[in-house]
Amino acid sequence: MKKGYIKLYRKTIESPIFMHEGMLKLWVLCLLKANHKQTDFVLPGILKPITLKPGQFITGRYELHRDYHQADIQKRKYSRKCKPTPYTLIRWLLTLQYMQMLSNTTYNKYSIISITNWYLYQENEHQVSIRRASSEHIQECIKNEKEIYAQNFLSFWEAYPNRKSKKKAYEAWNKLEKAEDITTLLPILLDAIERQRQARESVKAKGEFFPEWPYPATWLNGKRWEDEVEIKQGYDGF
């Protein structure tokens, strides 16, 4: 993974992310981490190897945060509080997904990022012959996951700090989806989670009491994203 090259096309300068340095860096990081050939990846605690196709890589929000801040390269002290935070990177990743630059398939212990049109822009002569099989595999993985939980719900679930009672949370999500435009609402939910997380951290830093995160179903049913919070520290959101 540390050898070889990627193609960066000149039309990137015309993309909206070019004006956002943080998101541009995240996009380039995704391109650099993506596999150029099929790879079997083994995760601790998971018996069956995970097959990654060209244009895919496996990560988690904290691993992505470490890579973004070059925690294993930089000599300065690394902290999960380094800005942009893991939650901000997830929201930026979601923006890239909305722009159809990548797709994010989230599982319980990891996420698989798939670069859109990888074969169109990054393939070489040896990869042309496996294009169709790879594309079908990616779509099959996404389809199988969506049969259990909707992708928008998985994005919410990954961002919410108290991930308990997933089944009840999904029931609350389906109820909400019938009443709201979930595509428009999802960024609002993720932004509210980040603001509430920062508010908790600022209060806890003073030694003051702040209630713990409610179960996700309770948070959704109570429309807790509408709660007003006071953030006394800077906000690094997009």
Is it the case that GLY45 is in contact (Cβ under 8 Å) with a residue 12 or more places away in the chain and within 30 Å of SER202 (Cα to Cα)? no
**Asked** Is there a residue in the range 202-210 that is under 22 Å from the mean Cα position of the chain (by Cα) and touching a residue at least 12 places away in the same chain (Cβ under 8 Å)?
**Response** no
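So which of GLU194, GLU158 is in contact with a Gly (Cβ under 8 Å, 6 or more places away or on another chain), touching a residue at least 40 places away in the same chain (Cβ under 8 Å) and surrounded by 15 or more Cβ atoms within 10 Å (Cβ to Cβ)?
GLU194
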Here the residues within the range 40-55 that are at pLDDT 90 or above and surrounded by 15 or more Cβ atoms within 10 Å (Cβ to Cβ) are LEU52, LYS53, PRO54, GLY55
Checked ARG80, ARG91 against criteria (of a type in the set (Lys, Arg), in contact with a helix residue (DSSP H, G or I) (Cβ under 8 Å, 6 or more places away or on another chain), under 28 Å from LEU186 (Cβ atoms) and modelled with pLDDT under 90); the one match is ARG80
Expected output for the range 113-125 (first residue modelled with pLDDT under 80, partner among the aromatic types (Phe, Trp, Tyr), Cβ below 9 Å, 6+ apart or cross-chain) is TYR121/TYR9
Restricting the range 211-229 to residues that are touching a residue at least 12 places away in the same chain (Cβ under 8 Å) and assigned to a loop (DSSP other than H, G, I, E, B), the one surrounded by the fewest Cβ atoms within 10 Å (Cβ to Cβ) turns out to be GLU212
Counting only strands (runs of 3 or more DSSP E) entirely within the range 32-122, those with at least 1 residues that are of a type in the set (D, E, K, R) are 39-41
Of the candidates GLU208, GLU177, the one satisfying the condition of being among the charged types (D, E, K, R), farther than 22 Å from THR51 by Cα, modelled with pLDDT under 90 and exposed (fewer than 13 other Cβ atoms within 10 Å of the Cβ) is GLU208
Inside the range 36-58, the number of residues satisfying the requirement of being farther than 17 Å from GLN122 by Cα and of a type outside the set (A, V, I, L, M) is 7
Within the range 2-46, restricting to residues that are touching a helix residue (DSSP H, G or I) at 6+ places or on another chain (Cβ under 8 Å) and polar (S, T, N, Q), the one that is nearest to ILE58 (Cα to Cα) is GLN38
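The values are calculated or read from the model by the stated rules, or taken from the named source; none is laboratory data. The model shown is predicted, which means the values in this text are computed figures rather than measured ones. Heads up, the Cβs are rebuilt from the backbone with ideal geometry, glycines too, and the neighbour counts pull from every protein chain shown.
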